[in-house]
Amino acid sequence: MPVIADFHLALSVDELLRHQGRAAERPEVKVLAQWAIDEAQRLAAPAIVYEWFPVHAVEGGTAQIGDALLHLGPHADLLAFACEALVSVCTIGKALEELVQTLSADNRLLESYLLDTAGVIALVAAGEPIGRIVEEEAARRGWGVSRALSPGSLVGWTISDQKALCALVDLAAIGVTVTAAGILSPHKSGSGLIGIGPDYTARHTGSTCQFCELRHTCQFRH
């Protein structure tokens, strides 16, 4: 099962500051934002495990991906054209979140918050190779791609389905575990799948932000 590890993450302090609103104009926030990005760059240990699976059936809000029956809910039709799907889990490891917890316990709340946000940015960056792998494979076949789908992000696909999804890949290969409730550890980890097929028209994967329950409030929506 393919694993990608120890690759470089290009993190931008400007992106972190964009999420701070008017607070980004404060000199102390700018200084700490740069510190947070530098720490995220130092602490992040990005790793990805992934595998391709056939899509057997998509109907009634469910999708049969390999041996897993996934309950995607009302937007299962986003996989309607998929012949195959790439299932992946990525992480940036536990070192960053451990420092976030230490800073919070020491009441260094601004530093803790900025480092945690930098960790989210790092996790997004850690998942970018997956999109490229899918797009390149689809292009090789002359196919198109679906949006990137994740339990807990797609309305109707609950986090409880994460265990079934993650059972398709070797989590231990990247040091990730999943609880019975579907929570990944380290917490700066994420899972998802992307479908490919000849009837998709998109050549690039897109987000499902418009289908997310937090689409009106999430600072990372795009």
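Below is a table of values for the structure above.
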| quantity | calculated |
| --- | --- |
| The one condition in (1) at pLDDT 95 or above; (2) over 18 Å from the mean Cα position of the chain (by Cα); (3) under 21 Å from residue 176 (Cβ atoms) that residue 67 fails to fulfil | (1) |
| Residue, farthest from residue 87 (Cα to Cα), within the range 166-186, restricted to residues that are crowded, with 16+ Cβ neighbours inside 10 Å and under 14 Å from the mean Cα position of the chain (by Cα) | 186 |
| Residues located in the range 12-55, provided they are modelled with pLDDT of 95 or more, within 30 Å of residue 195 (Cβ to Cβ) and within 19 Å of the chain's Cα centre (by Cα) | 44, 45, 46, 47, 48, 49, 50, 51, 52, 53 |
| Single condition residue 64 does not satisfy, out of (1) surrounded by fewer than 17 Cβ atoms within 10 Å (Cβ to Cβ); (2) part of a loop (DSSP other than H, G, I, E, B) | (2) |
| Lone unmet requirement of (1) modelled with pLDDT of 95 or more; (2) of a type in the set (S, T, N, Q); (3) out of contact with any Phe, Trp or Tyr (no Cβ under 7 Å at 6 or more places or on another chain) for residue 217 | (1) |
| Where a residue in the range 188-216 is loosely packed, with under 13 Cβ neighbours inside 10 Å and its partner, wherever it lies, is at pLDDT below 95 and not charged (D, E, K, R), with Cβ under 7 Å and at least six apart | 213/155 |
| Complete set of residues in the range 41-61 that are part of a strand (DSSP E or B) and among the hydrophobic types (A, V, I, L, M, F, W, C) | 47, 48, 49, 52, 53, 55, 57, 58 |
| Hey, residue 140 within 25 Å of residue 58 (Cβ to Cβ), surrounded by fewer than 19 Cβ atoms within 10 Å (Cβ to Cβ) and at pLDDT 95 or above or not | yes |
| Residue 46 in contact (Cβ under 8 Å) with a residue 24 or more places away in the chain and crowded, with 20+ Cβ neighbours inside 10 Å | yes |
| Residue tally, condition under 16 Å from residue 128 (Cβ atoms) and either basic (Lys, Arg) or in contact (Cβ under 8 Å) with a residue 24 or more places away in the chain (or both), over the range 4-26 | 9 |
| Enumeration of residues in the range 171-184 that are over 18 Å from residue 70 (Cβ atoms), outside any helix (DSSP H, G or I) and in contact (Cβ under 8 Å) with a residue 40 or more places away in the chain | 175, 176 |
| Residue that is out of contact with any Lys or Arg (no Cβ under 9 Å at 6 or more places or on another chain), touching a residue at least 60 places away in the same chain (Cβ under 8 Å) and in a helix (DSSP H, G or I), where the choices are 156, 119, 131 | 131 |
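Okay, residues lined up against (1) of a type in the set (Val, Ile, Thr); (2) surrounded by fewer than 18 Cβ atoms within 10 Å (Cβ to Cβ):
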{"site": "27", "(1), (2)": "no, yes"}
{"site": "31", "(1), (2)": "yes, yes"}
{"site": "54", "(1), (2)": "no, yes"}
{"site": "58", "(1), (2)": "yes, no"}
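The values are calculated or read from the model by the stated rules, or taken from the named source; none is laboratory data. Remember, predicted model here, so these are calculated numbers, not experimental data. Reconstructed Cβ throughout: ideal geometry from the backbone, glycine too, with neighbour counts over all protein chains shown.
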